[in-house]
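Bear in mind these aren't lab numbers, they're just calculated from the coordinates by the rules spelled out. Everything numeric here is computed off the predicted structure, so don't read it as measured data. Virtual Cβ from ideal backbone geometry, glycine too; neighbours counted across all protein chains shown.
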Amino acid sequence: MTTAPVALGAMLRRELPPARLAEVSRGVGHALDELWIVEDLPFAGGIAQAAVVLDATAEAGITVGHGIAPAPFRTPAALAMEWATLAVMHPGRLHAGVGHGVQSWMAQLGEKVASPLTLLEETITITRSLLAGERVDAEGRYTTVRDVELVFPPETVPPVSAGVMGPRSLELAGRVADGTVLPEGRTPAEIAEAREHIDRGRTAAGRTDPHRLTVFVGFHCGSMDHLGPPPPPDAPEGHAIVTPDVDEAGAMLVELADAGADSLVLVPFDEDLERGLRVLAEVVVPAVRAAHPAHFALD
C-alpha cells in the first residue's frame, strides 16, 4: 500500500480549443490536485496553455503540469526563462516536463537529432541549474550556454520531470531529473518496472532526494446521467480504465498507486471532452477519494 496520498489529476487533452482552456479549468480545478496540458505538434503551445491554466486555477491553487515540452525545439535557456516566469508568478504550482519529442514530428520540423538521449540529458541538466539561480557555462554535444544566469529566478524552483518510457531513458530520468512522466497505457507491473529503472539511475548518481512519478491514465467511466455507456470509438490502446462502475474504477486506481505512482493524471477519451472532465471532477474523483482516503486524500 502507498505510504503517502497520491495526487489525482486530469489532462486537458490537445483537442480542447485554446479558447475553452480558462473556463474549463475553472470549472473542474476545484475538485482536482492537478491539471496537465499537452504540447503536441501541431496543436497549441505548452507555455501559453500553462500560463492560462495557472491563472484560471489561481483560486483553487492546484498544480499545473506542462506535459511535455519537446527538447529538440526548445533550448535549455528558453525553457528556463519561460518556466521561471511562470514559477515566479505562480509560486509552487508549476510542474515542468520535458521529453525526447515524437521523432516523426521532430523530423517534420527539421529538429530530429542522432542521440535524443544525449540531448535530453543536456537539456534537463542545464535547465535545472538555471532555474536554481546558478550561473551556467556549459557546452555539450547539442547545447551551448555561456555565462548565463537568470535575472528573475524563482524562489520556489519548479520540479523538472522527464517524459520518457524506455529503460535507458528512465535511468536517465533517475540520474538527472526531479521526476518522471509515464504516458498512457502502463499496467501496474510496467509502473513498478519503471520505478526499478529510475531507482537504478538514482543509485548510480547517488541521489536520495524524492523522485515524483506521474502516470497518465486513459479513462472512461460513463456520463453523469448514467454510468455505463459503451466506450467511445477513440478508446486508447493498452492499459486503460474503462468501466461503468465508479467503485471498480477506484480499485483500479489503487492498483496503479500501489505500483509506485505519486500522481495519477486521468485522460478522458470521451467524445465530448468537456463532459468527460466534468464527470471526473463531479462524480469520479470525489467518490474515489471518499472510498480510498488513505490513498487519495485531498490535501
**Q.** Gain in span if fully extended, A60 to A4, counting 0.36 nm per residue against the direct Cα distance
**A.** 18.0 nm
Q.
Is there a quick way to get the dipole size of the chain? I mean about its Cα centre, with the Cβ of Lys and Arg at +1 and of Asp and Glu at -1; what is the value in debye to the nearest 20?
A. 660
Q | region 249-299: GluC sites (Glu not before Pro) in DSSP loop, at most 15 other beta carbons within 10 Å | A | E271
**Q.** Electrostatic dipole magnitude of region 50-127 [Cβ: Lys, Arg +1; Asp, Glu -1; Cα centre; debye, to 20]
**A.** 100
Q | Relative exposure of S129, S104, judged by other C-beta atoms within 10 Å (fewest first) | A | S104, S129
Q) Residue separation times 0.36 nm, minus the C-alpha to C-alpha distance between A294 and T203: what's the value? A) 29.9 nm
Q.
I need to check one value: relative contact order of region 54-159, counting alpha carbon pairs closer than 8 Å and at least 6 residues apart, in percent.
A. 32
Q: Would you mind computing, in nm to one decimal, how far apart the modelled labels at D147 and Q103 are, each placed 7 Å from Cα along Cα→Cβ?
A: 3.9
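Are there chymotrypsin sites (Phe, Trp or Tyr not before Pro) in region 65-144 that DSSP marks as loop and that have at most 16 other Cβ atoms within 10 Å, and which are they?
Within region 65-144, no chymotrypsin sites (Phe, Trp or Tyr not before Pro) qualify (loop, at most 16 other Cβ atoms within 10 Å).
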Q) Over what distance in Å are the Cα centres of region 3-19 and region 24-84 separated? A) 10
Q.
Order these by the 10 Å Cβ neighbour count, fewest first: R26, R128, R141.
A. R141, R26, R128
Q) Ordered by packing density, taken as the mean number of other Cβ atoms within 10 Å over each peptide's residues, highest first, how do 87-94, 152-159 rank? A) 87-94, 152-159
